[in-house]
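Novice: Below you'll find the structure I mean.
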Amino acid sequence: MSRALPVNKNDFIDVIFEDLTHDGAGVAKVEGYPLFIPNGLPGEKAKVKVIKVNKSYGIGRLIELYERSPYRVDIPDSEKPKYGGCQLEHISYEGQLKYKENQVRQVLTRIGKLEDVTVHPILGMDNPSHYRNKAQVPVGEKDGKLVAGFFKPRSHEIVDMDESVIQLPEVNEAVQTTKEICSQFGIPAYNEETHKGVLRHIMARYGKQTGELMVVLITRTPEIPHKKELIEELIVRLPKVKSIVHNVNSKRTNVILGEKTNLLWGSEVIYDYIGDVKFAISALSFYQVNPVQTKVLYDKALEYADLDGEESVIDAYCGIGTISLFLAQKARKVFGVEVVPEAIEDARSNAALNGMTNAEFAVGEAEVVIPKWYKEGNKADVLVVDPPRKGCDEALLQTIIDMKPRKVVYVSCNPATLARDLRILEDGGYKTLEVQPVDMFPMTTHVECVAQLILK
Ligand code: SAH
């Protein structure tokens, strides 16, 4: 028989929060048994209701706060941030930075067993709101008008979002105005349940450095009613618009973009700069969403790569080549590897756009392509990795250990897998000198880091 749990479902209990989970929920312990409670902050005393019990942890709801954390800030609607993707909006920015920096320090010690690495104070934003250059919001109907915002959790209901605190004002305005215009012309919203209706999502992208705006209408139907008038109205009411694109997604799916894309007006792409490097952004391209902090992150990666113009550099998991082109400004040659073929096409055209001839790109899995290069006798002096959340493949880490590049720069969006991979590289002959956390996504729980390793 299993041991009885210290709490039961529907119990009301008093707790003190000790920590935050990586999703930003408060953690309280009852006789060692952890309870996760959204909206609780470390140090706070509260009454909570237990709503679910599992073998190793429980879930609760905050009922009454007895003692408030100095980092708590009041927000207009405490429900919205969670499903609007702003899980940390109820924490002051100072508190958010402290939480993220602590998280990095903790996992480097606990998972990475890295005791003597310098972890720098996290680089935050001077103004941590209204930073996102892109929005893609689902469209629904309420009281005969269009609403656009986000899905309520576990429902088909769309909550109208008047203004997102994390999106650039130009992006908020583009979404609002497009929604109003479509409403005015009586364009029906798509309905997920019945798979009827027209407008599924509105997407807006904005080049912060160039002031160029793109609006993408994503519909179920191949035709948009009142197309001509709609375009005319968009151009008049959104003076910054340079590109209006139509994407058709006729499938029953929660994937946002469909297979067919056609240009309704203006240019196929908008442009933006990160530092001195220019990028073309199409409706489908991946592009970093926080341009200000992207520059901070890439500058740090470039500093850690410490290039003098003679090096051969490999950029693994290169996406559309943003880091590769940044490095190519200072290296003899850069080789980028990425698994998505369209991203590599973008990387090549971005290299051409900047007149850079010292960057080459290959499609494939980093853990396959780089070992092959190594076997063929192609080595790098400096190797940069920027893997997805699951971290680097072991075969790639082993190739790095065999290839012995003088320096490794590890850009990471998940401190836990960063710590795991740094331990493997340490055991294989590398030393982690410094780790720099960078806050790329204020108000959310995401933490980005860049680490510098040298061959021992
Ligand atoms: N460095 C880029 C993108 C990093 S995101 C930037 O800063 O913009 C991680 C990228 O790794 C994604 O583009 C993803 O498509 C790619 N990827 C995922 N698994 C991969 C693998 N096994 N080999 C190569 N690329 C991979």
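Novice: If R₀ is 22 angstrom, what is the calculated FRET efficiency for the pair K196 and K227, using the beta carbon separation as r and rounding to 0.05? Could the numbers behind the result be given before it?
Specialist: Working: r = 19 Å, r/R0 = 0.88.
E between K196 and K227, to the nearest 0.05, is 0.70.
Novice: Put a dot 7 Å past each Cα toward the Cβ at I63 and T357; how far apart are the dots in nm?
Specialist: Distance between label points: 7.4 nm.
Novice: What length, rounded to one decimal in nm, is gained on full extension from V255 through to E394, with 0.36 nm per residue of separation minus their alpha-carbon distance? List each step's numbers first, then the result.
Specialist: On the way: separation 139, 0.36 × 139 = 50.04 nm, distance 3.00 nm.
Difference between extended and current length: 47.0 nm.
Novice: Additional query: Mind grabbing the accessible area of K152 for me, 1.4 Å probe, Å², rounded to tens?
Specialist: 80 Å²
Novice: Roll a 1.4 angstrom probe over the protein heavy atoms and tell me the percent of accessible area of the stretch 134-274 that is carbon or sulfur.
Specialist: Values: 3360 of 6740 Å².
Carbon-and-sulfur percentage of accessible area, whole number: 50.
Novice: I've got another one for you. Could you do me a favour and compute the accessible area per residue for the stretch 12-69, 1.4 Å probe, result in Å²?
Specialist: Numbers: 3100 Å² over 58 residues.
The answer is 53 Å² per residue.
Novice: Leaving out ligands and nucleic acids, and using a 1.4 Å probe, what accessible area per residue does the stretch 134-274 come to in Å²?
Specialist: Numbers: 6740 Å² over 141 residues.
Per-residue accessible area for the stretch 134-274 comes out at 48 Å².
Novice: What FRET efficiency comes out for D23 versus H156 if R0 is 30 angstrom and r is the Cβ-Cβ distance? Round to the nearest 0.05. If you can, show how the numbers build up before the last one.
Specialist: Details: r = 23 Å, r/R0 = 0.77.
Between D23 and H156 the formula returns 0.80.
The values are calculated or read from the model by the stated rules, or taken from the named source; none is laboratory data. Computed from a predicted structure; not experimentally measured. Quick reminder, even Gly has a Cβ in these numbers, built from the backbone with ideal geometry, and neighbours come from all protein chains shown. Note: accessible area is taken over every heavy atom of the protein model, side chains too, but ligands, DNA and RNA are not part of it. Shrake-Rupley method; radii C 1.70, N 1.55, O 1.52, S 1.80 Å.
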